[in-house]
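Single-structure report; data block below.
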There are 2 protein chains.
Amino acid sequence: MLSGILHYAHELLEGSINKGETVIDATCGNGNDTLFLSKIIGDSGHVLAFDIQNQAIINTKQLLDDHKCTNVTVIQDSHANIFNHVSANQEIGGAIFNLGYLPNSDKSVITKGESTLSAIHSILRHLKKNGLIVIVVYHGHQGGKQEKESLLEYLTSLNQKEFSVLKHEFINQKNNPPFVLAIQKR
Amino acid sequence: MLSGILHYAHELLEGSINKGETVIDATCGNGNDTLFLSKIIGDSGHVLAFDIQNQAIINTKQLLDDHKCTNVTVIQDSHANIFNHVSANQEIGGAIFNLGYLPNSDKSVITKGESTLSAIHSILRHLKKNGLIVIVVYHGHQGGKQEKESLLEYLTSLNQKEFSVLKHEFINQKNNPPFVLAIQKR
């Protein structure tokens, strides 16, 4: 069976993140990926979960409380400012982005190409060897196409000796379904 | 770690083919995928391995002899004629294609869009529910671009209610590296 897109994104992270590592949810939204990461890294690990929207912070904290997670720091800030929250020599075990808008919320607040690229660039400098940044690209909304295109332009230009960039997508589906991008540091 | 393209193709088949099934290597070449399929299905299964080139048939038979495989029928015919070798109600557990030319051989003998599409079309009619056709697309050679494009045009048009079509590729590599297509019958 072929995995669905969200399941495949999780399989990639599960296969590359180890217990005890520090990892990043760059767009915590309703907290589902934050919770997933929290379980992978265990009590000795640390999740940094970012979102700019107050509602996302509230929802994520609630979900983490419900599951008694104590290994997460939830930060209301743009992921473009990740470097302000990570010490200079901190190694990152992996990261996930969900690009688009907060489900069931204000569709005018969306991730944007410029801050997304800035966040990816920051994380790549801290990412462990063979670590992954996994990006679930929702692009059917207003502004989604521009973000997708600037992201693809940047990622296809990454030096193949330093990074492998995978694109994993279903190509016979209508209505701009999400796809997965994964950047591995070599 | 991200799997390489050939390894990922094998992971997909390993996850979807069961012991005892009948499966197809549509382009047996030097026999590596045939041998792989032979091991998955076990003594009670059956591999039908096709190639139009005499050298491919010789190489594949030699490899199978070396590994004492007795569950393979090697057939020197175009995969476009697969329907001549499969009975009307035979269920197929999965199939693999390697598109391009026989490695270390005559580069003018290549798979072509028309016969590749005909073969895929035949196998889809026999494929089990949730079964996969996995296609490793080499397209850097003369004629490869045309085959790739006709294949993508056909596969993107498949009804998403009947089939899921996955494209899995590394997008920052030079020299037209191969990528994977996988068609799942729903």
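The values are calculated or read from the model by the stated rules, or taken from the named source; none is laboratory data. This is a predicted model, so every value here is computed, not measured. All Cβ positions, glycine included, derive from the backbone under ideal geometry; neighbour counts span all protein chains shown. These area figures cover heavy atoms from the full protein model, side chains too; ligands, DNA and RNA do not enter into them. Shrake-Rupley method; radii C 1.70, N 1.55, O 1.52, S 1.80 Å.
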All but one of (1) more than 14 Å from chain B (Cβ to nearest Cβ); (2) aliphatic (A, V, I, L, M); (3) touching a residue at least 60 places away in the same chain (Cβ under 8 Å) hold for A:Ile5; which doesn't?
(1)
Of residues in the stretch B:1-17 being small (Gly, Ala, Ser) and closer than 30 Å to A:Gln160 by Cα, the one least open to solvent (accessible area, probe 1.4 Å):
B:Ala9
If you go through A:Lys148, A:Lys107, A:Lys128, A:Lys112, the only one that is within 14 Å of chain B (Cβ to nearest Cβ) and modelled with pLDDT under 95 is A:Lys148
Suppose the filter is of a type in the set (A, V, I, L, M), in contact with a helix residue (DSSP H, G or I) (Cβ under 6 Å, 6 or more places away or on another chain) and farther than 20 Å from A:Val136 by Cα; does A:Val72 pass it?
yes
Of everything in the stretch B:15-47, what is assigned to a strand (DSSP E or B) and touching a helix residue (DSSP H, G or I) at 6+ places or on another chain (Cβ under 7 Å)? Give them in sequence order.
B:Val23, B:Ile24, B:Asp25, B:Val47
Looking only at the stretch A:1-33, which residues are over 12 Å from A:Gly94 (Cα atoms) and of a type in the set (Ser, Thr, Tyr)?
A:Ser3, A:Tyr8, A:Thr27
Single condition A:Gly20 does not satisfy, out of (1) open to solvent by 80 Å² or more (accessible area, probe 1.4 Å); (2) over 26 Å from A:Gly144 (Cβ atoms)
(1)
Given the condition of a type in the set (Ser, Thr, Tyr), open to solvent by less than 60 Å² (accessible area, probe 1.4 Å), more than 14 Å from chain B (Cβ to nearest Cβ) and in a loop (DSSP other than H, G, I, E, B), answer yes or no: does some residue in the stretch A:48-68 qualify?
no
Name the residues in the stretch A:91-147 that are in a strand (DSSP E or B) and β-branched (Val, Ile, Thr), would you?
A:Ile92, A:Ile96, A:Ile110, A:Ile133, A:Val134, A:Ile135, A:Val136, A:Val137
Tally time: how many residues in the stretch A:69-90 are among the aliphatic types (A, V, I, L, M) and part of a loop (DSSP other than H, G, I, E, B)?
2
Criterion (free of Cβ contacts under 8 Å to residues at least 60 places away in the same chain and within 29 Å of A:Ser3 (Cβ to Cβ)) met by exactly one of B:Gly29, B:Gly20
B:Gly20
Name the single residue, out of those in the stretch A:102-152 being under 25 Å from A:Asn18 (Cβ atoms) and without any contact (Cβ under 8 Å) to a residue 60 or more places away in the chain, that is surrounded by the fewest Cβ atoms within 10 Å (Cβ to Cβ).
A:Lys129
Among the residues of the stretch B:153-186, which ones are free of Cβ contacts under 8 Å to residues at least 12 places away in the same chain and either open to solvent by 40 Å² or more (accessible area, probe 1.4 Å) or more than 7 Å from chain A (Cβ to nearest Cβ) (or both)?
B:Glu153, B:Thr156, B:Ser157, B:Asn159, B:Gln160, B:Gln173, B:Lys174
